[in-house]
Amino acid sequence: MKAPKGQLFRSFFSSQVVNDLRTNIITGKLPAGEKIVENAIAEEMNVSRGPVRNALAILEAEGLVTFLQNGRTVSSGFTLVDAEKLYEMRSFIELKAIELIFKDNLTDFQYIKQINEGLRKEKHNVANFTNLDVSYHFELMRLSGNKYLLQCWLSLRPLLETILMITNTQIREDDQEGFNKGYVIDHHEKITTALITGNFNEAILFLKEHLDTGKAVMIEKMSEILKER
């Protein structure tokens, strides 16, 4: 059954609004306590209030906005401490996924190999590279076979994807693109090889190294961005 045309448009506009607001909150353009007015956002983005309302509900669930008792909506802000806690949770979930993959003795890793090939081809396109990077980790979560663990990871995905897009863009502007793309591709291939050869200890080691490096790069770049505000 197809969704009504109006519903599809609302979904599209809601995605635009939520992406813009999420980015503005994470980068500090909408700091903690800043009022977010539905009418003003709708007028600025040339949409009705419906998509804005939907977007704010999503952001409230992500912990990025707060609905006050007086009916106002304010930014909850996003700090480096928030970013560190986000990555701590990500590490916990993804390392658990590796444990479950080995527990079930999975052997079909063809799709993540294809993603690695795509990363090499798209290393000069920030948006495509970021999307493939996130897709690689999504596939690890899917392979865990635990739908509840996957749901936990999916609840973090919008924040992770937005932060990666922001930091990858900053890295490109700082002319450090080669290093960033290099370590992501290298780490992914090491993780994949460990999975294929059945080396649990190396898979855990390489994933942890990958996430720790990503966290360090993210904190460095987010610090630079937030200092400019």
Please indicate, with yes or no, whether at least one residue in the range 171-183 is at pLDDT 90 or above, of a type outside the set (S, T, N, Q) and touching a helix residue (DSSP H, G or I) at 6+ places or on another chain (Cβ under 8 Å). no
From the set of residues in the range 194-225 that are surrounded by 16 or more Cβ atoms within 10 Å (Cβ to Cβ) and over 18 Å from the mean Cα position of the chain (by Cα), which is farthest from Arg120 (Cα to Cα)? Ile204
When the residues of the range 91-132 are filtered to those that are outside any helix (DSSP H, G or I), free of Cβ contacts under 8 Å to residues at least 24 places away in the same chain and charged (D, E, K, R), which remaining residue is surrounded by the most Cβ atoms within 10 Å (Cβ to Cβ)? Glu122
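Conditions (1) outside the structural domain of Leu156 (by TED's automatic domain parsing); (2) outside any helix (DSSP H, G or I); (3) modelled with pLDDT of 95 or more; (4) β-branched (Val, Ile, Thr), marked per residue:
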{"site": "Ser14", "(1), (2), (3), (4)": "yes, no, no, no"}
{"site": "Ala32", "(1), (2), (3), (4)": "yes, yes, yes, no"}
{"site": "Ile41", "(1), (2), (3), (4)": "yes, no, no, yes"}
{"site": "Gly50", "(1), (2), (3), (4)": "yes, no, no, no"}
{"site": "Leu56", "(1), (2), (3), (4)": "yes, no, yes, no"}
So which residues in the range 139-157 are under 13 Å from the mean Cα position of the chain (by Cα) and surrounded by 18 or more Cβ atoms within 10 Å (Cβ to Cβ)? Trp153
Sort out which residues of the range 190-229 are in contact (Cβ under 8 Å) with a residue 24 or more places away in the chain, of a type in the set (D, E, K, R) and either in contact with a Gly (Cβ under 7 Å, 6 or more places away or on another chain) or within 16 Å of Asn168 (Cβ to Cβ) (or both), and write them in order of number. Lys215, Lys221, Glu224, Arg229
What do you reckon, is Lys190 outside the structural domain of Gly63 (by TED's automatic domain parsing), assigned to a helix (DSSP H, G or I), modelled with pLDDT of 90 or more and within 23 Å of Met141 (Cβ to Cβ)? yes
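The values are calculated or read from the model by the stated rules, or taken from the named source; none is laboratory data. Because the structure is predicted, anything quoted here is derived from the model rather than measured. Every residue, glycine as well, gets a Cβ built from its backbone with ideal geometry; the counts of neighbours run over all protein chains shown.
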